[in-house]
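A.B. asks: Below: one structure in structure tokens.
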Amino acid sequence: MKIRIGYEIIYDFPQPTPVIMALGAHFTRASDVITPDYLVTSPAVPITPYRDAFGNWCSRIVAPAGRIRLSADGMVRDTGLLDEVVPSAMQHRIEDLPPDTLMFLLGSRYCETDRLTETAWSLFGHTPEGWPRVQAICDYVHNHIQFGYEHARPTMSAFEVYNERRGVCRDFAHLAIAFCRCMNIPARYCTGYLGDIGMPPPYGVMDFAGWFEAWLGGKWRTFDPRNNMPRIGRVLIAIGRDATDVPITHTFGPNTLVSFKVWTDEVL
């Protein structure tokens with residue numbers, strides 16, 4: 001299967017403004033790239049690439065005053081298979097976890113484990129460890145949180161999602177991540193492309209997606225409490241502790257978002 005991926009984001013800036021971006025397909029998909037999704041700016045400005053603390057490829061620019069268009073249009077190969085489901089994947093004892101997973105047990109900006117631990121153990125302490133426990137967490141979040149773009153709020157945290165019972169895909173992921181960490185399961189936030197390949201219409205407006213990965217059975221496993229079902233064509237962009245670490249764009253000054261478009265389509 002071939003999947004076309006890309007975006008067009010237009011901003012207005014009142015003054016020259018630094019911007020950092022995590023917008024390209026993750027390096028783990030490098031061997032799948034047919035046409036690279038290179039960042040293009042209009043007007044053209046110097047782009048400085050760098051790798052962040054989580055290994056994500058990012059870019060830096062200084063946007064000039066006025067309007068700027070950020071865009072990319074690439075193509076990747078995909079297996080066309082559904083997300084892997086491994087009910088036998090085991091939960092590891094904390095003392096047996098690899099050192100690089102330990103940070104994903106800790107609370108973070110949008111995943112307040114200190115405020116949700118008692119709740120998590122009361123809800124999931126009776127569930128079987130490993131994959132079944134993470135799935136139980138996803139089931140709970142999926143069934144108890146109302147999805148709606150009108151509920152989006154850039155500062156919403158997992159604790160607020162739990163209390164308000166509403167949010168968008170990143171909020172579903174944050175709450176599930178916080179619950180996993182409370183239950184001693186490393187969990188990390190993922191952002192990327194997820195289209196409607198294999199799904200029946202009608203199709204909603206395309207956007208970047210948020211999901212998470214849990215460390216089970218010796219590897220990172222994909223979970224998606226927003227959709228709560230295996231999906232086809234997931235293309236990772238970046239991973240981090242939560243959305244703080246993987247902003248699609250982070251602007252260091254006032255601006256107006258004029259237009260935002262995302263596409264991820266199967267190429268027949």
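The values are calculated or read from the model by the stated rules, or taken from the named source; none is laboratory data. Predicted model, so just to flag it, every value in this text is computed and none were measured. Quick reminder, even Gly has a Cβ in these numbers, built from the backbone with ideal geometry, and neighbours come from all protein chains shown.
A.B. asks: List the strands (runs of 3 or more DSSP E) that sit entirely inside the range 1-91 and contain at least 1 residues that are in contact with a Cys (Cβ under 9 Å, 6 or more places away or on another chain), modelled with pLDDT of 95 or more and closer than 18 Å to GLY253 by Cα. Steps first, answer last, please.
C.D. replies: Working: elements: 2-13, 17-21, 33-35, 40-42, 48-51, 57-63, 66-77.
Per the criteria, 17-21.
A.B. asks: Please state which one of ALA187, ALA152 is over 19 Å from ILE3 (Cβ atoms), aliphatic (A, V, I, L, M) and without any contact (Cβ under 8 Å) to a residue 40 or more places away in the chain.
C.D. replies: Details: ALA187 fails: without any contact (Cβ under 8 Å) to a residue 40 or more places away in the chain.
Going through ALA187, ALA152 in turn, just one is over 19 Å from ILE3 (Cβ atoms), aliphatic (A, V, I, L, M) and without any contact (Cβ under 8 Å) to a residue 40 or more places away in the chain: ALA152.
A.B. asks: Let me ask you something else. Going through the range 206-220 one residue at a time, which ones are of a type outside the set (Gly, Ala, Ser) and either buried (at least 20 other Cβ atoms within 10 Å of the Cβ) or under 11 Å from the mean Cα position of the chain (by Cα) (or both)? Can you show your working first?
C.D. replies: From the range 206-220, those of a type outside the set (Gly, Ala, Ser) are 206-208, 211-213, 215-216, 219-220; that's our starting set.
The answer is PHE208, TRP211, PHE212, GLU213, TRP215, LEU216.
A.B. asks: How many residues does the range 175-186 contain that are under 19 Å from ARG231 (Cβ atoms) and either charged (D, E, K, R) or under 12 Å from the mean Cα position of the chain (by Cα) (or both)?
C.D. replies: Matching residues across the range 175-186 total 1.
A.B. asks: Next question, about the same structure. Go through the range 232-258 and report how many residues are more than 14 Å from ASN56 (Cα to Cα) and in contact with a Phe, Trp or Tyr (Cβ under 9 Å, 6 or more places away or on another chain).
C.D. replies: Residues in the range 232-258 being more than 14 Å from ASN56 (Cα to Cα) and in contact with a Phe, Trp or Tyr (Cβ under 9 Å, 6 or more places away or on another chain): 9 in total.
A.B. asks: Another question about this same structure. Which one of the conditions (1) in contact (Cβ under 8 Å) with a residue 60 or more places away in the chain; (2) out of contact with any Leu (no Cβ under 9 Å at 6 or more places or on another chain) does TYR203 fail to meet, given that it meets all the rest?
C.D. replies: Only one criterion in (1) in contact (Cβ under 8 Å) with a residue 60 or more places away in the chain; (2) out of contact with any Leu (no Cβ under 9 Å at 6 or more places or on another chain) is unmet by TYR203, namely (1).
A.B. asks: When the range 92-118 is examined, which residues are found to be closer than 20 Å to GLY217 by Cα and assigned to a helix (DSSP H, G or I)?
C.D. replies: Those that are closer than 20 Å to GLY217 by Cα and assigned to a helix (DSSP H, G or I): ILE94, GLU95, ASP96, PRO99, ASP100, THR101, LEU102, MET103, PHE104, LEU105.
A.B. asks: Related question: Collect the residues in the range 111-131 that are among the small types (Gly, Ala, Ser), farther than 15 Å from GLN91 by Cα and under 25 Å from the mean Cα position of the chain (by Cα), keeping them in residue-number order.
C.D. replies: ALA120
A.B. asks: Within the range 206-243, track down each residue that is free of Cβ contacts under 8 Å to residues at least 40 places away in the same chain and among the hydroxyl-bearing types (Ser, Thr, Tyr).
C.D. replies: Those that are free of Cβ contacts under 8 Å to residues at least 40 places away in the same chain and among the hydroxyl-bearing types (Ser, Thr, Tyr): none in the range 206-243.
A.B. asks: Which number in (1) of a type outside the set (Ser, Thr, Tyr); (2) over 24 Å from MET156 (Cα atoms); (3) surrounded by fewer than 18 Cβ atoms within 10 Å (Cβ to Cβ); (4) touching a helix residue (DSSP H, G or I) at 6+ places or on another chain (Cβ under 8 Å) marks the one condition that ILE197 misses?
C.D. replies: Condition not satisfied by ILE197: (4).
A.B. asks: Mind telling me which of the residues THR113, THR127 ends up being among the hydroxyl-bearing types (Ser, Thr, Tyr), surrounded by 14 or more Cβ atoms within 10 Å (Cβ to Cβ) and in contact with a Cys (Cβ under 8 Å, 6 or more places away or on another chain)? Spell out the reasoning first.
C.D. replies: Numbers: THR127 fails: in contact with a Cys (Cβ under 8 Å, 6 or more places away or on another chain).
Checking each option against the conditions leaves just THR113.
A.B. asks: Restricting attention to the range 229-268, which residues are basic (Lys, Arg) and part of a loop (DSSP other than H, G, I, E, B)?
C.D. replies: In the first step, residues of the range 229-268 are kept if they are basic (Lys, Arg); the result is 231, 234, 241, 261.
Within the range 229-268, ARG231, ARG234, ARG241 meet the criteria.
Residue-wise test of (1) touching a Lys or Arg at 6+ places or on another chain (Cβ under 6 Å); (2) of a type outside the set (D, E, K, R); (3) under 30 Å from MET183 (Cα atoms).
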position: ARG4; (1), (2), (3): no, no, no
position: LEU23; (1), (2), (3): no, yes, no
position: TYR50; (1), (2), (3): no, yes, no
position: ALA53; (1), (2), (3): no, yes, yes
position: LEU70; (1), (2), (3): no, yes, no
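A.B. asks: OK, next. Taking GLY167 as meeting all but one of (1) crowded, with 22+ Cβ neighbours inside 10 Å; (2) in contact with a strand residue (DSSP E or B) (Cβ under 6 Å, 6 or more places away or on another chain), write down the number of the exception.
C.D. replies: Of (1) crowded, with 22+ Cβ neighbours inside 10 Å; (2) in contact with a strand residue (DSSP E or B) (Cβ under 6 Å, 6 or more places away or on another chain), only one is false for GLY167: (2).
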